[in-house]
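Here is the structure we will look at, set down as structure tokens.
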Amino acid sequence: MKFPVELILLALVPVFLLFVAGELWFLRRRGNLYDLRDSLCSAGLGLLHQGADKLAWLLVLPLYGWIYQQHRLFSFPDSALSFFLLFLGQDFLYYWFHRVSHRVRWLWAAHSVHHSSTRMNFTTAFRQSLMYPLAGMWAFWLPLAWLGFPPQQVVAVVLLNLAFQFFVHTQAVPKLGWLEYVFNTPSIHRSHHARNPRYIDHNYAGVLVVWDRLFGTFVEELDSEPCDYGTVKPVNSFNPLWVSVVEWRDMLLEAWRAENWRDRLIALFGAPEAAERVASKQRRVPPAKGVSA
């Protein structure tokens, strides 16, 4: 009986919890890095996300299978080279999914959940959105099935990529020298989670940071400008369900109240700062500077 690849992240939970305990011990003399309410909210969000994710795979895997069986361009043999190509392709697509999630309001409504904590520790990695299936995260991996990678392998690589990213959510690890030129690291990802104007909308890497360096979205974490974590528009709640839906509520209300179809489309699918300008017209107040951090 084959191991169901959809359960990879759940199977790794003991490892994740061991690292949480180790981080708590290692950083015990640095106050303010953990908050019980914040961590419990992140854990609740992680459980909600896992439930939605498993349901989504049940619905989406047949589509992946149909594309793979009927329309694939190539047939890759089971080999280390094929796995490497799949990893490379998925990591490239993850970069674009992540970048689009910061630049398109519809996807930001889901992804903002991950940025909603004002703390940065391993439990922040659990802070995922149950709304990702509705936002369309699954659609970004369809080209992999079309190219000829089996659906189960695609799912496995997607989840392994996300598992790797757990380990970059920490303040316990400093910069890592030459590794910063190749891989996503804690320092690189700390910058990504910061809402300082310098850091907003940078460092979209999953595993490899080469995409950020190639496409001009890399920014270095500076000691002279410590990261201020969270979103520019704070959530101010530890209720996992409310954190999951509050941005969707705001987005749909702003689209409903928009004065014309152009503003309505911007509220739904525009860049977050453009959507904020639409919302500011409704409030008749100046828009905030930047909202996708």
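Which condition number in (1) without any contact (Cβ under 8 Å) to a residue 40 or more places away in the chain; (2) farther than 27 Å from ALA21 by Cβ; (3) not hydrophobic (A, V, I, L, M, F, W, C) is the one that TYR132 fails?
(1)
Identify, by number, the condition in (1) under 24 Å from PHE149 (Cα atoms); (2) modelled with pLDDT under 95 that GLY51 doesn't meet.
Evaluating GLY51 over (1) under 24 Å from PHE149 (Cα atoms); (2) modelled with pLDDT under 95 leaves (1) as the failure.
Given the criterion under 20 Å from LEU10 (Cβ atoms), out of contact with any helix residue (DSSP H, G or I) (no Cβ under 9 Å at 6 or more places or on another chain) and either surrounded by fewer than 19 Cβ atoms within 10 Å (Cβ to Cβ) or modelled with pLDDT of 95 or more (or both), identify the matching residue among PHE126, PHE122, PHE164.
Answer to the check: PHE164.
Within the set of pairs 6+ apart or on separate chains, which have a first residue in the stretch 22-38 that is under 19 Å from TYR229 (Cβ atoms), a second that is outside any loop (DSSP other than H, G, I, E, B), and C-beta atoms under 7 Å apart?
Note: pairs meeting the criteria are GLU23/PHE122; TYR34/LEU24.
Out of the residues in the stretch 211-227 that are surrounded by 13 or more Cβ atoms within 10 Å (Cβ to Cβ), in a loop (DSSP other than H, G, I, E, B) and of a type in the set (Asp, Glu), which is farthest from the chain's Cα centre (by Cα)?
Looking at the filtered set, the residue picked out is GLU225.
Residue pairs, Cβ under 7 Å, 6 or more apart or interchain, first in the stretch 275-287 and closer than 14 Å to ASN260 by Cβ, second part of a loop (DSSP other than H, G, I, E, B) and at pLDDT below 85. List them.
Listed by first residue and then by second, the contacts come to ARG277/PRO287.
For the stretch 216-244, name all the residues that are within 22 Å of TRP178 (Cα to Cα) and free of Cβ contacts under 8 Å to residues at least 60 places away in the same chain.
Within the stretch 216-244, GLY216, PHE218, VAL219, GLU220, GLU221, LEU222, ASP223, SER224, GLU225, PRO226 qualify.
In the stretch 120-141, which residue that is part of a helix (DSSP H, G or I) and of a type in the set (Gly, Ala, Ser) is farthest from THR170 (Cα to Cα)?
Step by step, filter the stretch 120-141, then rank; the result is ALA139.
Which condition does LYS54 not pass, out of (1) surrounded by 13 or more Cβ atoms within 10 Å (Cβ to Cβ); (2) in contact (Cβ under 8 Å) with a residue 60 or more places away in the chain; (3) among the basic types (Lys, Arg), if it passes all the others?
LYS54 satisfies all of (1) surrounded by 13 or more Cβ atoms within 10 Å (Cβ to Cβ); (2) in contact (Cβ under 8 Å) with a residue 60 or more places away in the chain; (3) among the basic types (Lys, Arg) except (2).
If you go through the stretch 193-205 one residue at a time, do you hit one that is in a helix (DSSP H, G or I), touching a residue at least 12 places away in the same chain (Cβ under 8 Å), touching a helix residue (DSSP H, G or I) at 6+ places or on another chain (Cβ under 8 Å) and surrounded by 15 or more Cβ atoms within 10 Å (Cβ to Cβ)?
Scanning the stretch 193-205 turns up at least one residue that is in a helix (DSSP H, G or I), touching a residue at least 12 places away in the same chain (Cβ under 8 Å), touching a helix residue (DSSP H, G or I) at 6+ places or on another chain (Cβ under 8 Å) and surrounded by 15 or more Cβ atoms within 10 Å (Cβ to Cβ).
The values are calculated or read from the model by the stated rules, or taken from the named source; none is laboratory data. Computed from a predicted model, the values in this text were never measured in an experiment. Note that we place each Cβ from the backbone using ideal geometry, even for glycine, and neighbour counts take in every protein chain shown.
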